[in-house]
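*Asks:* Structure incoming, see below.
The values are calculated or read from the model by the stated rules, or taken from the named source; none is laboratory data. Keep in mind that what you see is a predicted model, and the values were worked out from it rather than measured. Here the Cβ is made from the backbone with ideal geometry for all residues, glycine too, and neighbour counts use every protein chain on show.
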Amino acid sequence: MGISLRRGAKLPEAVKQALALGPRERVLSFAAEEAGGRPTGTTVVATTHGLYAVDATGTRVVARPWHEVDAGSWSAELHQLTVTWVDRAAPAQWVLGDSSLLPETLRERVQASVVLAQKFEVGPRRSARAVIRQDLATGDLVEQVVLGRNVRADDPEVALAADQALDYLREQVGLS
């Protein structure tokens, strides 16, 4: 059972089946997407290992581990949760009811996956982050470079700075 501010709220059985969670994975919170105050049929679910969305047909339309989530932002005015991804895929957006713990759970899980991070500059008004994160399902450490705006991975200066930052982080966590 997921956490919800609404007393007695339970994850629909069809959503549980679509999630097909592993034996050590559990639901932390969930919310039904709404349009005009009515449910749309999509349910967004935060588990111990990842973020999922299941549509009205019972199909998983999002299934991403926490270490692939870059950030989330919550607009209280619009009741909209926007999630950005490390791989720069199009952000996911959901309009949720205001009585969900999903935004807080997202923040906590993303932070839980970060082991060590370092921001580095690659020119005027250009920066990126090197990050060592943990796959919360397996415990494996994952190296990532998250590029800022107007920063290209194929830029030799960026590649060199990223390698140096990752080398430093590897040393700090005992991977080198």
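*Asks:* Can we say V110 is touching a residue at least 40 places away in the same chain (Cβ under 8 Å), surrounded by 15 or more Cβ atoms within 10 Å (Cβ to Cβ) and in a strand (DSSP E or B)?
*Replies:* For V110, the condition - touching a residue at least 40 places away in the same chain (Cβ under 8 Å), surrounded by 15 or more Cβ atoms within 10 Å (Cβ to Cβ) and in a strand (DSSP E or B) - is not met.
*Asks:* Right, R129: farther than 24 Å from V142 by Cβ and in the same structural domain as N150 (by TED's automatic domain parsing) or not?
*Replies:* no
*Asks:* Given the condition under 28 Å from A76 (Cα atoms) and touching a residue at least 40 places away in the same chain (Cβ under 8 Å), answer yes or no: does some residue in the range 119-135 qualify?
*Replies:* No - not one qualifying residue is present in the range 119-135.
*Asks:* Moving to a separate point now. If you scan the range 48-57, which residues turn out to be surrounded by 14 or more Cβ atoms within 10 Å (Cβ to Cβ) and over 20 Å from P91 (Cβ atoms)?
*Replies:* First, the residues of the range 48-57 that are surrounded by 14 or more Cβ atoms within 10 Å (Cβ to Cβ): 48-55.
Those that are surrounded by 14 or more Cβ atoms within 10 Å (Cβ to Cβ) and over 20 Å from P91 (Cβ atoms): T48, H49.
*Asks:* Just to check your reading of the model, which residue among A76, A89, A117 is of a type in the set (G, A, S) and not assigned by TED's automatic domain parsing to the domain that holds F30?
*Replies:* A117
*Asks:* Quick one: count up the residues across the range 140-176 that are surrounded by fewer than 17 Cβ atoms within 10 Å (Cβ to Cβ), in contact with a strand residue (DSSP E or B) (Cβ under 8 Å, 6 or more places away or on another chain) and assigned to a helix (DSSP H, G or I).
*Replies:* Number satisfying all stated conditions: 5.
*Asks:* For the range 83-107, give me each residue that is touching a residue at least 40 places away in the same chain (Cβ under 8 Å) and in a loop (DSSP other than H, G, I, E, B).
*Replies:* V86, R88, G97, S99, S100, L101 - these are the residues of the range 83-107 that are touching a residue at least 40 places away in the same chain (Cβ under 8 Å) and in a loop (DSSP other than H, G, I, E, B).
*Asks:* Follow-up question, since we're still on this one. Just give me the residues in the range 113-135 being over 16 Å from W85 (Cα atoms), surrounded by 14 or more Cβ atoms within 10 Å (Cβ to Cβ) and touching a Ser or Thr at 6+ places or on another chain (Cβ under 9 Å), in sequence order.
*Replies:* The answer is F120, and nothing else.
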